[in-house]
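Student: Here it is, the structure in full.
What follows draws every value from the coordinates through simple rules; no lab data is involved. The shown structure was predicted, so the numbers you read here are calculated from the model rather than taken from an experiment. Glycine also receives a Cβ, built like all others from the backbone with ideal geometry; neighbour counts cover every protein chain displayed.
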Amino acid sequence: MPSIQSLTRQHVRQGQMNNTEPLERQEKAQVSQLERAFDVINALINSTQPLKLSVLSEVTRLDPSGTLRLLKTLIDLGYVTRDDATKSYLPSARAMFPLSLFHPFQELRRDAADLLFAIQRDTGATSAVQVFLGGERVVLEQRAGSNRLLPYVEPIVRSPHHASASGKLLLSSLTAQEIAAVVGPGPFERFTPHTLTTFEQLQAEIRKGRERGFFTVVEEAMVGMSAIAAPLIAPNGQVIGGLVAFGTSVQLPAQLMDERGEAVKRAAEMLSRMSPALRALETLLSRNGKAAAAAGERTQNLEPEESPKAARKTATKATPKAPPKAARKRRT
């Protein structure tokens, strides 16, 4: 027969184990609620009209009463507003415009405005300024070219690195090991006869771009479309973003890519030297190869940035759609 001491020790151990289970369940529940809250905010921000409780209930995968409680919390926190007349919900100004007007990102947009106009004027192509944040390419501003083609619909660029000028530029800021972690060993997906498909070809292209100070794609993602990207360099020497020109092969013909590339490069060098915002963003946008590798894993098989098809696909996601009836399973 076990002693009283041994039974007591066993009871204590069991109690400790049982006490951890509710804590783990509580933590999981809190994470789940946080995910649902972000789902609601993202759905409202991406919608072009206020959304009813029934639609948001599908987004959160909760019953209407649970979704309503979540919405009340978001209203109290200042991220959601209720339209009493239509009994629908929309994002608050705080959710839509989280950055101060004088945040360095906003300042960089303004600093780049004249240079983007100059690129657009000299080439006829669309111009844009990007920053590299957490291993991802983020568009801060773009100026439409003469043909009104806009390659970016969402601020986060999800084009394959090997087939986009900005992707090659980002890769150029990484070590060889980090590049391999982002794009994999190859062969890479082929979009046109000009697409680079081997790791060796990509490495050679990155070396070439580093030497001349800008990166190009000539009909590598879509026939008839080309792009140029030149680095924005922080005072500590890190590549933290770039200026990009995107257009048709008439606006950016293969025989003039070096000349147009030098123009984009000059604009990027001027912005790098003259913008106080870049100095302010130096720490925030510091190179992070692991973050780039993690971001690359999520984007390797997505549409190229040079494809209008990608823009259309992204645009259709703006308003959330209810899932098929067979998939409508609410969480309890």
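Student: In what order do HIS162, HIS194 fall by count of nearby beta-carbon atoms within 10 Å, going from fewest to most?
Tutor: HIS194, HIS162
Student: Hey, got a sec? Which GluC sites (Glu not before Pro) in region 104-203 land in a DSSP loop and have at most 16 other Cβ atoms within 10 Å?
Tutor: Counting only loop positions with at most 16 other Cβ atoms within 10 Å, the GluC sites (Glu not before Pro) in region 104-203 are GLU189.
Student: Given H placed 1.01 Å from N in the peptide plane, which residues other than close sequence neighbours of GLU141 have an amide H under 5 Å from its amide H?
Tutor: VAL129
Student: Please compute the net charge surrounding VAL40, taking Lys and Arg as +1 and Asp and Glu as -1 over other residues with Cβ under 13 Å from its Cβ. Kindly include the intermediate steps, with their values, before the conclusion.
Tutor: Working: positive: ARG36, LYS52, ARG61, ARG69, LYS72, ARG82; negative: GLU35, ASP39, GLU58.
Once positives and negatives cancel, what remains is +3.
Student: While we're here: What does the charge count around GLU141 come to, taking other residues whose C-beta lies under 13 Å from its C-beta (Lys +1, Arg +1, Asp -1, Glu -1)?
Tutor: Summing Lys/Arg as +1 and Asp/Glu as -1 gives 0.
Student: Same structure, new question: Sort ILE228, ILE206 so the one with the fewest other Cβ atoms within 10 Å of its own Cβ comes first.
Tutor: ILE206, ILE228
Student: Set the Förster radius R0 to 45 Å, insert the Cβ-Cβ distance between ASP114 and ILE45 as r into 1/(1 + (r/R0)^6), and round the FRET efficiency to 0.05. Can you show the working numbers first?
Tutor: Numbers: r = 30 Å, r/R0 = 0.66.
Rounded to the nearest 0.05, the efficiency is 0.90.
Student: List MET96, MET222 from most exposed to least, where exposure is judged by having the fewest other Cβ atoms within 10 Å.
Tutor: MET96, MET222
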